[in-house]
Amino acid sequence: MVTGGARSGKSRLAEAIVTGSGRTRRYIATAQAWDDEMRDRIAQHQTDRGADWITVEAPLDLSAALDAAGPEDAVLIDCATLWLTNHLLFEHDLDAEGTALLAACARCKAPVIIVSNEVGWGIVPDNALARRFRDAQGRLNQRIAAQAGLVVGVMAGLPMVLKGQLPPWM
């Protein structure tokens, strides 16, 4: 798991871990392009990664995307925050979806890295939906971190290992 604030360098670090693994790079994208600005962000991420990644669009069904990965792959899910947002907006059972995600990660034949935002360091949101999201994201992050062998926080582009050890190529 790689977590941190917005624009902290989370994705860049996660991509470096996957790239250094020497495995086939599988990127599972959870973003949905609802407007031009988001389309531009997605395009920039794709350009930054380069063409040697297999990209799977999975804004909701991460289980199927993870089940499709083989033992020769290294999987990067970017990101759990957008995935959770998608489920929240569709009014799905967030705890059940989190349980399904963790089960899919556990049975995946490939190593999986999940990028997720740390959203709990800010002020308490002023509306119920934002508070529900913040609380659900915090609970999901705790569940992912508990299962993960490596948890890295990123701040200002610098990795802080919270659990486990960075791979030797880092």
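The values are calculated or read from the model by the stated rules, or taken from the named source; none is laboratory data. Source: prediction; values computed, not measured. Heads up, the Cβs are rebuilt from the backbone with ideal geometry, glycines too, and the neighbour counts pull from every protein chain shown. The accessibility values were calculated without ligands, DNA or RNA, using every heavy atom of the protein model including side chains. Shrake-Rupley method; radii C 1.70, N 1.55, O 1.52, S 1.80 Å.
Descriptive notes on the structure:
- Hits in region 83-101 (condition: among the acidic types (D, E) and in a helix (DSSP H, G or I)): D95, E97
- Any hit, region 38-57, residues being modelled with pLDDT under 95, under 25 Å from A136 (Cα atoms), in a helix (DSSP H, G or I) and among the charged types (D, E, K, R): yes
- Any hit, region 131-145, residues being under 23 Å from R26 (Cβ atoms), at pLDDT 95 or above and either in contact with a Ser or Thr (Cβ under 6 Å, 6 or more places away or on another chain) or β-branched (V, I, T) (or both): yes
- Residue match in region 59-74 (condition: more than 17 Å from the chain's Cα centre (by Cα), under 26 Å from R131 (Cα atoms) and not aliphatic (A, V, I, L, M)): no
- Among the residues examined, L162 qualifies as free of Cβ contacts under 8 Å to residues at least 24 places away in the same chain and under 13 Å from S116 (Cβ atoms).
- Sole residue being open to solvent by 50 Å² or more (accessible area, probe 1.4 Å) and of a type in the set (F, W, Y), chosen from W83, W121: W121
- Residue tally, condition part of a helix (DSSP H, G or I) and open to solvent by 10 Å² or more (accessible area, probe 1.4 Å), over region 66-80: 1
- Complete set of residues in region 18-37 that are open to solvent by less than 10 Å² (accessible area, probe 1.4 Å) and either farther than 21 Å from D61 by Cα or assigned to a helix (DSSP H, G or I) (or both): V18
- When region 129-160 is filtered for residues that are open to solvent by 70 Å² or more (accessible area, probe 1.4 Å) and among the hydrophobic types (A, V, I, L, M, F, W, C), the ones remaining, listed by number, are L129, A146, M155, A156, L158, M160.
- Just one of the listed residues (L82, L102) is modelled with pLDDT of 95 or more and under 20 Å from V154 (Cα atoms), and it is L82.
- Considering only residues in region 102-118 that are over 19 Å from T19 (Cβ atoms) and assigned to a loop (DSSP other than H, G, I, E, B), the one that is least open to solvent (accessible area, probe 1.4 Å) turns out to be E118.
- In region 142-163, residue farthest from A6 (Cα to Cα) [restricted to those that are assigned to a strand (DSSP E or B) and touching a Leu at 6+ places or on another chain (Cβ under 7 Å)]: K163
- Among the candidates I77, I54, residue that is within 21 Å of V119 (Cα to Cα) and of a type in the set (V, I, T): I77
- Flag set for L13, criterion: modelled with pLDDT of 95 or more, part of a helix (DSSP H, G or I) and in contact with a Pro (Cβ under 7 Å, 6 or more places away or on another chain).
- Test result for D93, at pLDDT below 95, open to solvent by 50 Å² or more (accessible area, probe 1.4 Å) and either under 21 Å from R143 (Cα atoms) or of a type in the set (D, E, K, R) (or both): no
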